[in-house]
Amino acid sequence: MLMKFDVAIVGSGLAGLSVALHLAENHKIVIVSKRALRDGASDWAQGGIAAVLDSTDSHDQHVQDTLVAGAGLCDEGATRFIVENGRQAIDWLISQGVPFTKDDQAELGYHLTREGGHSQRRIIHAADATGHAVQLTLEQKVRAHPNITLLENHFAIDLITSDKLDHKVGSPRCLGLYIQEVESGKVMTVAADSTVLATGGAGKVYLYTTNPDTATGDGIAMGWRAGCRVANMEFIQFHPTCLYHPYAKSFLISEAVRGEGGLLKLPASAGNAAGSRFMPQHDDRGELAPRDIVARAIDFEMKKRGLDHVDLDISHQSPAFLKEHFPTILARCLEFGIDITRQPIPVVPAAHYTCGGIVTDLSGRTDLQGLYAVGETAYTGLHGANRLASNSLLECVVLGRAAALHIEQQAAVPPVALPDWDESRVTDADEEVVITQNWDELRRFMWNFVSIVRTTKRLERAQHRIRLLKEEIDEYYANFRITRDLLELRNLVDVASLIVNSALSRRESRGLHFSQDHPQTLPKALPTVLSPRRKKAPVR
């Protein structure tokens, strides 16, 4: 079955929905979401969106905070572009009806909070469930728009590129993609003048993550296989504070808790040191240090003392304050018997954000004509070696609009006959357990060998295991009927390989990448750029 659209958007988070809504008046759009529309990471975002919204703040301060957090690897031009377009992005979200938390005393009329690494209060939010509020608002707009087709529970298999056609059609470009309806297994061909990858990050490559199950690096893997460069994949941000509880899955304790006075302390299992703060011993900024520093400090204390978690204590704030500012966290913790008005919250670091991704310019363009990438899937240079808190949703909206503006200027692509999906692979694998086993093995050795603190030997072990897994998965992909589990595992293995190869090529410690074999930071900061056609290439 062939479907034709002006623009195909893979992913239904804030980045993808922003592109869709900016284009929908004059374009026929399809949004491909492998699960329900709000099952991605954007909906889970608690803290808020960073932007300069008060006269006491400035673009220069926001840029400087970002550059400092990024440990010298941020692209200053990209950072300034995104920061300077922040107010416009917030105004657009407000115009769409996003219910940000009000504050009559504030200059803009909305409450601004502060998070780690920020020198000012500049985080606009909707209590502690900003992502959900934004996603719900934009979802309603998208569902109501007559020019937008929603294909939920459809999995993007791979991109269709002109160089794979039997006949030449000029310079290489993206012509669309193959997708699979998850329930029926039916594969369809989607032709599109422009294709946008907005599938989010790859947190599920690790055993412990704050990310939803959808974060399997699909867009990054698809772009890589289509010939696009990727950059800075070694920089995986581990959020310092994920709720530690045997029945709590991937629940993040927002950075705003520390921004509003939450203190990290040693738990009762630390013996005589129980209840004491430890962050001031690691950084003068204490709990408000950037995430990489806080995550490493927690990791250090846990390993040094044999702890399975540390405590985050905000019980000194009033119950009324906590109910107003952190209702979601308060309610969720109560479900697990933790009353944050009286007790500390047990927390551990967990994989949270993919700072690298497909190399793009400031219009979201990738190396392949007709293909765009936005949001966590993309590498714009904003995040450098460590993302500053709440800059991610800002990037989604600013670059979503920029990509839409560029797509609007493109001429329609002359019709091209696209090959049908190869239906010869109709046999079901009789050993589905192998896929489950490989999935578990990958996530476990990535956590053990390629997480917060790394060594060359452990990275090489991971590289060897990935090579063996890839051979096995490629055999399955070539010979058996595809399933969502197989496709996600295939993408995760590709992304894991990119992370490990990037980490091995960086002979220093910087930002989120800390190597015990190379603890020094080199004088010159250079991005790690991998190309499918050669090992390294300069960032354009």
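The values are calculated or read from the model by the stated rules, or taken from the named source; none is laboratory data. Note that this is a predicted model, so its numbers are computed, not measured. All Cβ positions, glycine included, derive from the backbone under ideal geometry; neighbour counts span all protein chains shown. In case anyone asks, the SASA skips ligands and DNA or RNA and just uses the protein heavy atoms, side chains included. Shrake-Rupley method; radii C 1.70, N 1.55, O 1.52, S 1.80 Å.
Brief remarks on what is shown
- Taking a straight line from the alpha carbon of LYS323, these aspartates and glutamates sit under 12 Å away, with near neighbours fewer than eight places off in the same chain left out: ASP128, ASP339.
- Helix 391-408 axis, angle to the chain major axis (alpha carbon atoms, nearest 10°): 20
- Under 17 Å from LYS457, Cα to Cα: aspartates and glutamates that are on another chain or at least 8 residues apart: GLU234, GLU508, ASP517
- Using alpha carbons only: equivalent-ellipsoid semi-axes of the chain, gyration tensor based, whole Å: 36, 27, 22
- Cα lying deepest toward the dipole's positive end in the chain, options TYR244, CYS396, GLN281, charges on Cβ: GLN281
- Value in Å of the Kirkwood radius, where region 401-540 supplies the Cα pairs that are averaged: 18.2
- Sorted into 10 angstrom bins from 0, the C-alpha pair distances of region 158-222 split as 19, 38, 30, 12, 2 percent.
- Label reach from GLU152 (point 7 Å along Cα→C-beta): in region 212-233, amide nitrogens under 20 Å belong to 212-216.
- Label point 7 Å beyond Cα of ASN448 along Cβ direction - residues of region 171-215 with amide nitrogen under 19 Å: 204-209
- Estimated FRET transfer efficiency (VAL416, GLN88; beta-carbon r; R0 56 Å; 0.05): 0.95
- According to the Kirkwood relation over distinct C-alpha pairs, the hydrodynamic radius of region 197-248 is 12.5 Å.
- Percent accessible area from carbon and sulfur atoms, the chain, protein chains only, probe 1.4 Å: 49
- Per residue, the chain exposes an accessible area of 39 Å² to a 1.4 Å probe, with every protein chain left in place.
- Annotation: extensible slack from ARG225 through ASP166 equals 19.4 nm (criterion: 0.36 nm per residue apart, minus Cα-Cα distance).
- Linear extension gain, THR456 paired with ALA320, 0.36 nm per residue minus alpha-carbon span: 44.0 nm
- Point-to-point label distance, GLU335-THR521, nm (Cα→Cβ direction, 7 Å offset): 3.9
- Cβ-based charge dipole, region 445-491, positive-most Cα from GLN463, VAL450, ILE473: VAL450
- For region 94-210, dividing the convex hull volume of the Cα atoms by the residue count gives 224 Å³ per residue.
- Subset of LYS204/LYS249; LYS141/LYS204; LYS34/LYS249; LYS34/LYS204 violating a 24 Å alpha-carbon distance limit: LYS141/LYS204
- Ordering of 274-280, 151-157, 303-309 by packing [mean C-beta count within 10 Å, highest first]: 151-157, 274-280, 303-309
- Available extension along the chain between HIS59 and SER276 is 74.4 nm, counting 0.36 nm per residue and deducting the alpha carbon span.
- When the P(r) is computed for region 346-457, the part past 25 Å accounts for 53% of the Cα-Cα pairs.
- Residues of region 342-384 with amide N under 15 Å of a point placed 7 Å along Cα→Cβ from GLN409: 361-366, 370
- Magnitude of the charge dipole, the chain, Cβ model with Lys/Arg +1 and Asp/Glu -1, debye to 20: 1220
- Angle in degrees between helix 86-96 and the longest Cα principal axis of the chain, rounded to the nearest 10: 80
- Size descriptors for region 32-104: radius of gyration and Dmax over Cα atoms are 15.0, 43 Å.
- Note on region 187-334: Cα convex hull, mean projected area over all directions, 12.8 nm².
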